[in-house]
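These notes concern the structure reproduced below.
The values are calculated or read from the model by the stated rules, or taken from the named source; none is laboratory data. Please read all numbers here as calculations on a predicted model, not as lab measurements. Ideal geometry is used to build each Cβ from the backbone, glycine not excepted, and the neighbour counts take in all protein chains shown. To get the accessible areas, we keep the full protein, side chains included, count just its heavy atoms, and leave off ligands, DNA and RNA. Shrake-Rupley method; radii C 1.70, N 1.55, O 1.52, S 1.80 Å.
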Amino acid sequence: MTCTFTTADGGTVDVTRRGIEVDMHLRDPAGRTVATVVLPADDASALVDELANA
């Protein structure tokens, strides 16, 4: 399952869980990939929690 979030500048972040890892693909408003991040699922969960409490 992939979740897509839109950034304030019109880019997107696609988040896909792959077993014990999470892939995050960050794209600029034109759709070009600017970063790909692979995190353990626990770290991705902690990141979301931290952002929610920021």
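Could you do me a favour and compute the accessible area per residue for the chain, 1.4 Å probe, result in Å²?
73
Stokes-Einstein D for the chain at 4 °C, 1.567 mPa s, Kirkwood Rh over Cα pairs, in µm²/s?
Here the translational diffusion coefficient equals 112 µm²/s.
Could you check the spin-label model distance between His25 and Thr7? Points 7 Å from the Cα along Cα→Cβ, value in nm.
Label-label distance for His25 and Thr7, simple model: 1.5 nm.
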